[in-house]
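The values are calculated or read from the model by the stated rules, or taken from the named source; none is laboratory data. Here the structure is a predicted model, which is why all the values come from computation and not from measurement. Because the Cβ atoms are built from the backbone with ideal geometry, glycine has one as well, and the counts that use them run over all protein chains shown. Ligands, DNA and RNA are excluded from the accessible area calculation, which covers all protein heavy atoms including side chains. Shrake-Rupley method; radii C 1.70, N 1.55, O 1.52, S 1.80 Å.
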Amino acid sequence: QVQLAESGGGLVQAGGSLRLSCVASGRTFSNYNMGWFRQAPGQEREFVARISRSGGATTYADSVKGRFFISRDNAKNTMYLRMTSLKPEDTAVYYCAASAIATTQRSGYDYWGQGTQVTVSS
């Protein structure tokens, strides 16, 4: 089992920045590919970004490419999502997730955090 806990969400004005953190406990963090997903009200949970076990490979959704940056610190069992140039359409609950495989598909992730709310005002 892997337990995941997100933090860092909040209310920010459009154009602002936030950094989300995801702390893992349980099994060895560096054994897992990690991802960020988000879910806006009334919408399905969607892929945002993923990072490989070592941190050497990343993938982003087109909607956040060039604005969001994913990273991880395996020594601290922590993954981050730095979000810049935020837009009102980025408003959602953001979830971190762990996967045994390299995938952008929600179904490929085995462990999920509880989520953290990000609200971007216009």
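Being open to solvent by 50 Å² or more (accessible area, probe 1.4 Å) and touching an Asp or Glu at 6+ places or on another chain (Cβ under 8 Å) is a property that does not hold for A5. Taken over segment 24-44, residues that are more than 12 Å from the chain's Cα centre (by Cα) and over 18 Å from Y80 (Cβ atoms) amount to 9.
Considering segment 14-122, the qualifying strands (runs of 3 or more DSSP E), each wholly inside and each with 1 or more residues that are open to solvent by less than 30 Å² (accessible area, probe 1.4 Å), run over 18-26, 33-39, 46-51, 68-73, 78-83, 92-99, 116-121.
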